[in-house]
Every structure is written in C-alpha cells, then in structure tokens.
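A quick write-up on the structure given underneath.
The values are calculated or read from the model by the stated rules, or taken from the named source; none is laboratory data. Every value quoted in this text rests on a predicted model; they were computed, and no experiment measured them. Neighbour counts run over all protein chains shown; Cβ positions are idealised from the backbone, glycine included.
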Amino acid sequence: MEQARLIIDQARDGASNMAIDEAILAAVGRTQAPSTLRFYRWSAPTISLGHFQKHAQIARLPQPFNSLPLVRRITGGGAILHHVELTYSLILPADHHLVKNRAPGTLYQAVHQALVGVLASLGLPAQLRQGPAAPSRQRGPFFCFQRANPSDVMVNAKKIAGSAQRRTLKSLLQHGSLMLDNPFGQPGVATLADFQLVNPPDADALAAAWAKQLASTLQLEFLYTGLNDIEMALLDSLRLKYASDLWTKRR
C-alpha cells in the first residue's frame, strides 16, 4: 500500500482552511508531499462560495446569512455554511488509480461510500442519492445542500454530506462537509444531531472512523503527521489571497 498523510486539524478561520488545502494541492502536485487526507473544522460560522458563484448573491440572502464571514473556494459547486460540521479534504496525485483517466464521480462515490459505512455503524440508514447527474455543478440553488447530485450522502431523503473538486495537471483536491448539527435551520439538511444518538461520536472520532474506511477504499496506509516546511512557506501568501476582497469578490 502507498503511504499517505492523515491530518486531523484544529478549528481555523475560512482563509486559513482554504489556504492549507491549496498549499497541500500544490505540494502534492510537485511531488513535495504525499497524498493527504485532512479533517478540519471552522472557528466561526463561515460561508464558502463556490469558485464560479457571484459574490452579489450574498446581499440577497436574509439575516444572518448575509453578514457571516465569507471565503471563496477554488472548487466549484454551491455555497456551504460551515459551522457545526466535519470538513475533509483529500489531495491525490493525478496518477492515482482513482484519478487517472477517471470521471470526477469515481472519487466522489469512493469517499462518500466510505462515509455511508461509518454512518451505518452508528445505526443511520445512509445511502448515496443515485439518479441522473445534475446538468451542471455550477448552476442551481445558492447553497450546496439544496442541490442534488448522484453522489450526495442521504439520510431519510435529506442530504447530510456533499463534496466538490478542483483538478490540476498534477493533482486533485476534493473536499466536502458532513453536517453534525444545523443551528441556522437550513432547510433540507440532515445532521447527526437529528437522530439523538445515545453515544454520539465527537468530530475527531468520526474523522478516525472515516479515515479507517478510506484507507481500505483508496489502498492507502495513513500516517499521522503535519504540514511540511514547503507547505508552511506557502501559507502566508495563500492566507492573504483568501482573505482579500480581490479574490472573494472576483465574480
């Protein structure tokens, strides 16, 4: 099995989370870092815009959504309200067997099917949505969890997890969110809190269980470690990028 890196990170602000994902994507693409699975959380409620979404749409949202911190992703799809959730990012080289000459849905299904297994172990009837693919991942309702894609993870006909991708010539980033609770009351969202589990796992326990499932699916052996010096050197400029209006309001 290929050795890969597993990072279970602390909660951070939106610009830092997006900067770390892009730093890893760049390093993996240059063979300066191994394939990486990272789990993380958010230090404040934050909306992440999909790469192609219009910034002007924020002003049309009701309170409190239109006043939350905002960051723009490099991945497509709809906006996500990150709050009480577990976010993952998976960065693989372009020649990985689930990336090379494969449709984007291949990796979505692999990662989401692993999550279905984790949720099943908690007694939750999770499954992939199935059905036809959406005409475009760049169009549809503003929020990702109100959009429908065949690889979405569903519980009781509601979406509990979804993902988005960014491919370069040398590497691929896929990241997504598993909803743990829904304090802002987004419609159509399933969360772990809905099921009032007797012994609900915390975010770190969920991350470890999901990583164990993914190790088998992806044929990877995960080693716990942190960012390397090359990635750390990229972070300051990338944080500035994601914190800037030039990037956030570019569309």
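Quick look at the numbers
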item	result
Test: residue in region 52-62 that is under 17 Å from LEU238 (Cβ atoms) and out of contact with any Cys (no Cβ under 8 Å at 6 or more places or on another chain)	no
Matching residues in region 1-24 - criterion: being in a helix (DSSP H, G or I) and either closer than 22 Å to ALA110 by Cβ or of a type outside the set (Val, Ile, Thr) (or both)	GLY14, ALA15, SER16, ASN17, MET18, ALA19, ASP21, GLU22, ALA23, ILE24
Flag if ILE91 is crowded, with 23+ Cβ neighbours inside 10 Å, in a strand (DSSP E or B) and modelled with pLDDT under 95	no
Output for region 211-227, where each listed residue is more than 18 Å from ASN17 (Cβ to Cβ) and assigned to a loop (DSSP other than H, G, I, E, B)	GLN219, THR225
Flag if ALA56 is surrounded by fewer than 16 Cβ atoms within 10 Å (Cβ to Cβ), in contact with a Ser or Thr (Cβ under 8 Å, 6 or more places away or on another chain) and among the small types (Gly, Ala, Ser)	no
Residue in region 41-53 that is surrounded by the most Cβ atoms within 10 Å (Cβ to Cβ), counting only those that are assigned to a strand (DSSP E or B) and among the hydroxyl-bearing types (Ser, Thr, Tyr)	SER48
Any hit, region 187-210, residues being in a loop (DSSP other than H, G, I, E, B), closer than 15 Å to ARG38 by Cβ, in contact with a strand residue (DSSP E or B) (Cβ under 8 Å, 6 or more places away or on another chain) and of a type in the set (S, T, N, Q)	no
Any hit, region 33-49, residues being among the β-branched types (Val, Ile, Thr), farther than 19 Å from GLY176 by Cα and more than 13 Å from the chain's Cα centre (by Cα)	no
Residue match in region 194-202 (condition: surrounded by 15 or more Cβ atoms within 10 Å (Cβ to Cβ) and under 27 Å from ILE74 (Cα atoms))	no
Candidate set: region 223-251, residues that are surrounded by 15 or more Cβ atoms within 10 Å (Cβ to Cβ) and aliphatic (A, V, I, L, M); chosen: the one nearest to GLN57 (Cα to Cα)	ALA243
Sole residue being surrounded by 20 or more Cβ atoms within 10 Å (Cβ to Cβ), outside any helix (DSSP H, G or I) and either free of Cβ contacts under 8 Å to residues at least 24 places away in the same chain or out of contact with any strand residue (DSSP E or B) (no Cβ under 6 Å at 6 or more places or on another chain) (or both), chosen from ALA33, ALA27	ALA33
Subset of region 144-186 [among the hydroxyl-bearing types (Ser, Thr, Tyr) and part of a loop (DSSP other than H, G, I, E, B)]	SER151, THR168
Selection status of ARG38, in contact with a helix residue (DSSP H, G or I) (Cβ under 9 Å, 6 or more places away or on another chain) and buried (at least 20 other Cβ atoms within 10 Å of the Cβ)	yes
